[in-house]
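Input: a single structure, listed below in structure tokens.
Taken together, the values in this text are just the output of simple stated rules run on the coordinates, not laboratory data. If you're wondering where the values come from, they're calculated on a predicted model, not measured in any experiment. Here the Cβ positions follow ideal geometry from the backbone for every residue, glycine too, while neighbour counts run over all protein chains shown.
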Protein chains: 2
Amino acid sequence: MSKVNIIGQALPNMPWENRPEGVTTPVWRHSANPIIDRNPVKGIARIFNSAVVPYEDGYMGVFRAETINGRPHLHLGKSKDGLKWEIEEEAIVFTDDNGQPYRPNYAYDPRVVKVEETYYIIWCIDFYGAALGFAKTEDFKTFTRLENPFLPFNRNGVLFPKKKDGKFLMLSRPSDSGHTPFGDIFLSESPDLVYWGKHRHVMSKGGQGWWQSVKIGGGPAPIETSEGWLMFYHGVTGTCNGFVYSMGAVILDKEEPSKVKYRSSTFVLTPETWYEERGFVNNVIFPCATLQDADTGRIAIYYGAADSYVGVAYTDVNEIVEYIKNTHEDIADDHEIGLI
Amino acid sequence: MSKVNIIGQALPNMPWENRPEGVTTPVWRHSANPIIDRNPVKGIARIFNSAVVPYEDGYMGVFRAETINGRPHLHLGKSKDGLKWEIEEEAIVFTDDNGQPYRPNYAYDPRVVKVEETYYIIWCIDFYGAALGFAKTEDFKTFTRLENPFLPFNRNGVLFPKKKDGKFLMLSRPSDSGHTPFGDIFLSESPDLVYWGKHRHVMSKGGQGWWQSVKIGGGPAPIETSEGWLMFYHGVTGTCNGFVYSMGAVILDKEEPSKVKYRSSTFVLTPETWYEERGFVNNVIFPCATLQDADTGRIAIYYGAADSYVGVAYTDVNEIVEYIKNTHEDIADDHEIGLI
């Protein structure tokens, strides 16, 4: 019997495995990870940091596909069970403002979020530096490019799956271009997906632990629960040999989603397996999507592993919410913004 | 007889000096510069990078005042002739969203632009890093804070003095925080000053010359002329001993202000005098405002000098437009944004 409820649809056919015996972490890995291995499609060297959604009687995904010339593009994929994916050889072609076909010269780290009857894709685009690209589709056949929501430099744009007071909400992580050594999560709202404003700071890197000391960024779309918005995100620490990306979890206030209600002081998953530790970029867990079943409280988290693979991990809404509450740390947000 | 016209008001009492004999540069300095010297007001060590506007039968200004504890705040000033300024000892207090008095914990590099009957102040604020603060006043007695237009990190926000198709237009220079080593000028629009979008790239640092090789940023509000929007800006180069800030000039397309029509390949003013070369930050000319007289085509440019003084320089609309056209360089804007 759930104490915490997921507010949303039932999804009985979603991927699921019970917690393996002996595993005590709040999130556990799919036994047959990685679900997408290297060289999965002709001309594509690696797929990772990708997003999936329920669609019709199966699943659709938008994948970060690193081609064998080393540039990332967005490729569509479909699946019956959410685990075995058929991924298209050609990158998604969007229709731009002028009705012309358009393919970004590079595109990475997509998120896909359904709001009302439309699926929105947010990814990292080249807009004189890293910025957020934005598009929509209703059928995964035609894709319409929308205005870039923000000025550069920005990444990790995540739309909320539900409007609030008639406004769309988007998380993002403004920073500089390149392999940036800083970044917090902000929230912005829009009445029309063209103009954005009322920007608010949501949460900072930092805290007592060091696993999220360098930067943080949104991941999957927040999951509506009876406790608030459950959000998985990535937290990055620095070492003498580079960054390490772990997965964190937080609950945002339902009424005021720019407010953190509870935030786990620990990671909930960190690179430990061969496919997370080693690859094109070592030591990366980068969550981009979830599937969840409101009836059972089951959550499957899709994450990029070592910029080389796609992995799946599982948790239960009661367990993860309890874990976050039990490990809650109030990371001071006492930024001085004005006197008087 | 003017060939190029300033579209705007007559301002017969504006500061003016004819070009001194022997000076051949397109912009020339006021003979009694700096017009604001060090320690101009009790508790204020330096005033620079400040903005002035015509108001009633004289002028109002919003000044970057560096207090003797080393923090910048915005102070109001008034003047009969635009040259001798009475500056208030206390910083401007804004009214925030909740009707509470608010003074930013720091504030710098203000611009003041009149659109219709309202004066808007844009400055650099602390929003978890450098970002644009925004406020309005109609009487220079009460100041209402508006929503920050953009996410961090951003500086050099400049509003156009006229709406286009019912939309406000703002230039800005997204970058990172701190003494950033990069930055281009972008244009954004807003229907309501709350939500902003349709972001466009306007112009890049760079070109054949080196004076604007590191970064560029908007300065005074663009001046409407029969040739397009005349805009002065700052361009920065790097040396072994730090940055050097010069003034550049460009004409933006009237119908599509994100398009550069002509851009001078040379600076139009560069640090050469003692008050520009030496000060708290050596070698800085930082233009923030102009006054202009539509009847005569006279333009006075207010600029910060060496982060220590306020200087004034003059030019004539015909001379500067001709200079920009004659020295025009087409700085390639051939950024690859999409294939197909």
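Quick one: putting +1 on the C-beta of Lys and Arg, -1 on the C-beta of Asp and Glu, what dipole do you get for chain A around its Cα centre, in Debye to the nearest 20?
Working: 34 positive and 44 negative charges, 72 e Å.
Rounded to the nearest 20 debye, it is 340 debye.
How are the Cα pair distances of the range B:18-135 distributed, in percent, across 10 Å bins from 0?
Reading the bins upward from 0: 13, 39, 33, 13, 3, 0.
Suppose R0 equals 25 Å. What FRET efficiency, 1/(1 + (r/R0)^6) with r the Cβ-Cβ distance, do B:ASP253 and A:ASP192 give to the nearest 0.05?
Values: r = 26 Å, r/R0 = 1.05.
Using R0 = 25 Å, I get an efficiency of 0.45.
Shielding of A:190-197 by partners, i.e. mean partner chain Cβ atoms within 10 Å per residue?
6
Please state the relative contact order of chain B as a whole percent: Cα pairs under 8 Å, 6+ residues apart?
For chain B, the relative contact order is 19 percent.
When Cβ neighbours within 10 Å are restricted to other protein chains, what is their mean count per residue of peptide B:179-188?
Mean partner shielding for this stretch: 2.
Amide H to amide H under 5 Å from B:TYR314: which residues, 5+ apart in sequence or cross-chain, H placed 1.01 Å off N in plane?
Amide H neighbours of B:TYR314: B:TRP28, B:ARG29, B:HIS30, B:ILE301.
How many nanometers, to one decimal and shortest first, lie between the label point of B:CYS240 and those of its other copies, if labels sit 7 Å from Cα toward Cβ?
Here B:CYS240 shows inter-copy label distances of 3.3 nm.
Could you pull out the pairs from A:LYS136/B:LYS167; A:LYS78/A:LYS136; B:LYS3/B:LYS205; A:LYS141/A:LYS198 whose alpha carbons sit more than 22 Å apart here? All intermediate terms of the calculation are to be shown ahead of the outcome.
Values: A:LYS136/B:LYS167 25 Å; A:LYS78/A:LYS136 17 Å; B:LYS3/B:LYS205 30 Å; A:LYS141/A:LYS198 33 Å.
The pairs that break the limit, which is 22 Å between Cα atoms, are A:LYS136/B:LYS167; B:LYS3/B:LYS205; A:LYS141/A:LYS198.
Dividing the convex hull volume of the Cα atoms of the range B:115-194 by its residue count, what figure in Å³ per residue is obtained?
On the way: hull volume 7.0 nm³, N = 80.
Cα-based convex hull of the range B:115-194, divided per residue, equals 87 Å³.
Ordered by residue, what ³J(HN,Hα) values in Hz, to whole numbers, does the range A:221-231 give under the Karplus form 6.51 cos²θ - 1.76 cosθ + 1.60, where θ = phi - 60° and Gly and Pro are x?
Taking θ as phi minus 60°, the curve returns 4, x, 9, 6, 10, 5, 9, x, 7, 8, 10 Hz for the range A:221-231.
Please report, for B:GLY58, the nm distances (one decimal) from its label point, 7 Å out from Cα along the beta-carbon direction, to the equivalent points in the remaining copies, shortest first.
Distances between equivalent label points, in nm: 7.7.
As an exercise, find the ratio Rg/Rh for the protein assembly as shown from alpha-carbon atoms, using the Kirkwood inverse-distance average for Rh.
That ratio equals 1.02.
Give the relative contact order (percent, whole number) for the range A:208-340; include only Cα pairs under 8 Å separated by 6+ residues.
20
For every helix of n ≥ 4 consecutive DSSP H residues, a contribution of -39,500 (n - 2.57) applies; sum these over the protein assembly as shown, divide by its total residues, and give [θ] at 222 nm rounded to the nearest 500 deg cm²/dmol. Don't skip to the answer; put the middle values down first.
On the way: 4 runs with 28 residues, N = 680.
After summing the helix terms and dividing by residue count, I get -1000 deg cm²/dmol.
Based only on Cα atoms, what Rg/Rh ratio does the range A:186-235 have, Rh being taken as Kirkwood's radius?
When Rh is taken as the Kirkwood radius, the ratio is 1.04.
Take peptides A:39-46, A:314-321 and line them up by average Cβ neighbours within 10 Å, highest first, as a rough protection proxy.
Working: A:39-46: 16.8, A:314-321: 22.0.
Result, highest mean first: A:314-321, A:39-46.
Quantify how strongly other chains surround peptide A:146-154 by giving the mean number of their Cβ atoms within 10 Å of each of its Cβ atoms.
Mean shielding by partner chains, rounded to a whole number: 6.
Compute from the Cα atoms of chain B the Rg and the Dmax, the latter being the longest Cα-Cα distance, and quote both in angstrom.
18.5, 63
Between A:TYR55 and A:THR239, what is the FRET efficiency for a Förster distance of 45 Å, r being their Cβ-Cβ separation, to the nearest 0.05?
On the way: r = 39 Å, r/R0 = 0.87.
Given R0 = 45 Å and the Cβ-Cβ separation, E is 0.70.
Suppose you put the label 7 Å out from Cα in the Cβ direction; list, shortest first and in nm with one decimal, how far B:LYS3 is from each other copy's label.
Distances to the matching label points in the other copies: 8.1 nm.
Give, rounded to the nearest 20 debye, the magnitude of the charge dipole that the protein assembly as shown has about its Cα centre when Lys and Arg contribute +1 at Cβ and Asp and Glu contribute -1 at Cβ.
Computed charge dipole of the protein assembly as shown: roughly 540 debye.
Kindly write out, for the range B:110-118 in residue order, the coupling ³J(HN,Hα) from the Karplus curve 6.51 cos²θ - 1.76 cosθ + 1.60 (θ = phi - 60°), rounded to whole Hz, with x marking Gly and Pro.
Values per residue, Gly and Pro as x: x, 10, 10, 9, 8, 10, 6, 9, 10 Hz.
Given the alpha-carbon gyration tensor of the range A:196-340, what are the semi-axes of its equivalent ellipsoid in whole angstrom, ordered largest first, with each equal to the square root of 5 times an eigenvalue?
Details: eigenvalues 121, 87, 35 Å².
After scaling each eigenvalue by five and taking roots: 25, 21, 13 Å.
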